[in-house]
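What follows is one structure encoded as structure tokens, with my remarks underneath.
Readers should treat all values here as calculations from the given coordinates under stated rules, not as data from a laboratory. Since the model is a prediction, treat every value here as computed from it, not as a measurement. For neighbour counting, all protein chains shown are included, and Cβ atoms are generated from backbone atoms with ideal geometry for every residue, glycine included.
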Amino acid sequence: NPQLSDFGATMSRLTGVRAIMKDIVETLQARAGEDLINLSAGNPVILPEVEQLWRDCTRDLLASPHYGEVVCRYGASQGYQPLIEAVVADFNQRYDLHLTPRNVLITPGSQSLYFFAANAFGGTGREIVLPLSPDYTGYGGICLVPESLRAVRPALEVDEAGHEFKYRPDFDQLEFGAETGCVIFSRPCNPTGNVLSEGEVRRIAALAALREIPVLVDAAYAAPYPALNFTPMNPVFAPNIVHCISLSKAGLPGERVGIAIGDEGILRAIEGFLTNACIHASRYGQALAAQAIASGALAHLSETVIRPHYQHKFTVLAQGLRAGLSLDLPWFLHRGEGGVFAWLWLRDLPISDWELYQELKQAGVIVVPGHTFFPGLRQEWSHARQCVRISLTASVHDIERGVQRLTQVVQRVMAYR
Ligand code: PLP
């Protein structure tokens, strides 16, 4: 094995969900042929209408006189100009903004955008603050100095009778200081499905603006594409907000297209990292995206196909939980406001979420234990061991059967509270 630097060792560590995914892959391999229902996956469903859109865009690109220019030449680090222009036109028209091309940066997937930003603004002595924990497990590995990640415990709004709950940012705990480098959160949130209100986003951004701290709003599931919000929401824009889009949940995860919209100065700092790391994002996917956005087809399919698909599955899952779990048990489903996951909290769970995950595997259903979704949280919090994430990417039939198995296990385990 080669001798690693400190950064090399940090990046090689199997953190968060990567460790669980290894266990899941091994389980699926070892038990191939068994009726094991996988409700852990984050890979989006291939929806025929959406696949057709990308096929059509590919066909048009192949026939276009610009084909050679797109794939046979290097381009600008900032991104493919027609895509940048399509995004500017669409957002200006949709949200009544005054963006110019300088307010847009294209990155190879949005994960790399968070990696570049986390290291451009955070690191030794400079914190990356996650203002509401739990949040996206992928933030756990974005900084070369992992200790600089700091997540803040939320407040809980619990509807006891309705068996529902919602996380709120706890503004009594949320503080930014001279050492704060940047702020990141997902909206809608993976894993919880939470959508922070416009007021909450503005309040976080205003607190950060006092010290000119960039706030990255991870809109991987937001409107207008993929429009995986089940509750009305608008993107929030402010001088220190970078609105970060991904086309991965809009049917294009393989092409790695991330889009950052925000202040030119903030984007140039991120672009510096990008240029050094990879020169620019792949132009093939950018050229497809330029067409799909400019024609309006992507926004249209997002609203009419992608959103209803997952929203229906959330309803099926919620009904399955209600049918299978006693009302006198303290189980709470996070309000399903968007995304491709459901988040279940079992208050007073007498075993850990990891042990529950093992019990569920025995019963033939795989979910993701919740503790992996609290990257950067430094205090012990029993709640972090009482949750599981359930994916909506399985078929309706498998969600129904998987939830049935899950509720049986939860009924049995919770009886020992
Ligand atoms: N942000 C969130 C909240 C996600 O769930 C994901 C992927 O699952 C990403 C970012 C990364 O997406 P990508 O790099 O494919 O744009």
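Below, the figures for the structure above:
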quantity: Two-decimal ratio, the chain, of alpha-carbon radius of gyration to 2.2 N^0.38 Å; calculated: 0.98
quantity: The chain: most fluctuating residue of 48, 191, 101 per GNM, C-alpha cutoff 10 Å; calculated: 48
quantity: Inter-centroid distance (Cα atoms) of segment 320-338 relative to segment 177-199, Å; calculated: 25 Å
quantity: Share antiparallel - DSSP beta bridges, the chain, percent rounded to 5; calculated: 60 percent
quantity: Cβ crowding within 10 Å averaged over residues, with 114-127, 151-164 ranked highest first; calculated: 114-127, 151-164
quantity: Helix axis angle, 353-362 relative to the chain longest principal axis, alpha carbon, degrees; calculated: 80 degrees
quantity: Segment 350-402, dipole about Cα centre (Lys/Arg Cβ +1, Asp/Glu Cβ -1), debye to the nearest 20; calculated: 120 debye
quantity: Alpha carbon convex hull of segment 123-170, volume per residue in cubic angstrom; calculated: 63 Å³
quantity: GNM result for the chain, Cα springs below 10 Å: residue of 190, 103, 229 fluctuating most strongly; calculated: 103
quantity: Under Karplus coefficients 6.51, -1.76 and 1.60, residue-wise ³J(HN,Hα) of segment 249-263 in Hz, glycine/proline x; calculated: 8, 9, x, 10, x, x, 8, 6, 10, x, 9, 9, 10, x, 4
quantity: Farthest toward positive dipole pole in segment 64-300 [+1 Lys/Arg, -1 Asp/Glu at C-beta], among 215, 146, 274; calculated: 274
quantity: Under 5 Å, built H, 5+ apart or other chain: amide partners of residue 186; calculated: 136, 218
quantity: Segment 6-98: trypsin sites (Lys or Arg not before Pro) falling in loop per DSSP and having at most 11 other Cβ within 10 Å; calculated: 73
quantity: Cα-based equivalent ellipsoid of segment 64-300: semi-axis lengths in Å, sorted from largest, via gyration tensor; calculated: 30, 21, 15
quantity: Segment 89-179 - Rg (one decimal) and Dmax (whole number), Cα, Å; calculated: 17.2, 50
quantity: Kirkwood Rh in Å, taken over all unlike Cα pairs in segment 270-364; calculated: 17.8 Å
quantity: Radius 9 Å from Cβ of residue 285, net charge of other residues (Lys, Arg +1; Asp, Glu -1); calculated: +1
quantity: Reachable lysines, given that their alpha-carbon falls under 25 Å from the alpha-carbon of residue 313 and they are not under 8 places away in the same chain; calculated: 166, 249, 361
quantity: Summed residue charge, Cβ within 10 Å of residue 337's Cβ, Lys/Arg positive, Asp/Glu negative; calculated: +3
quantity: For segment 152-164, Karplus couplings with θ = phi - 60° (6.51, -1.76, 1.60), whole Hz, Gly/Pro x; calculated: 10, 5, x, 8, 10, 10, 10, 9, 4, 5, x, 6, 9
quantity: The chain, relative contact order in percent, only Cα pairs under 8 angstrom and at least six apart counted; calculated: 23 percent
quantity: DSSP bridge pairs, segment 64-300: antiparallel proportion in percent, nearest 5; calculated: 50 percent
quantity: Cα-only radius of gyration and Dmax that characterise segment 28-121, units Å; calculated: 19.2, 56
quantity: For the chain, size of Cβ-based charge dipole, Lys and Arg +1, Asp and Glu -1, in debye; calculated: 400 debye
quantity: Phi-based couplings in Hz for segment 320-333 (Karplus 6.51, -1.76, 1.60; Gly and Pro marked x); calculated: x, 5, 4, 6, x, 10, 5, 6, 8, 8, x, 9, 9, 8
quantity: In segment 310-417, chymotrypsin sites (Phe, Trp or Tyr not before Pro) in a DSSP loop with at most 15 other beta-carbon atoms within 10 Å; calculated: 381, 416
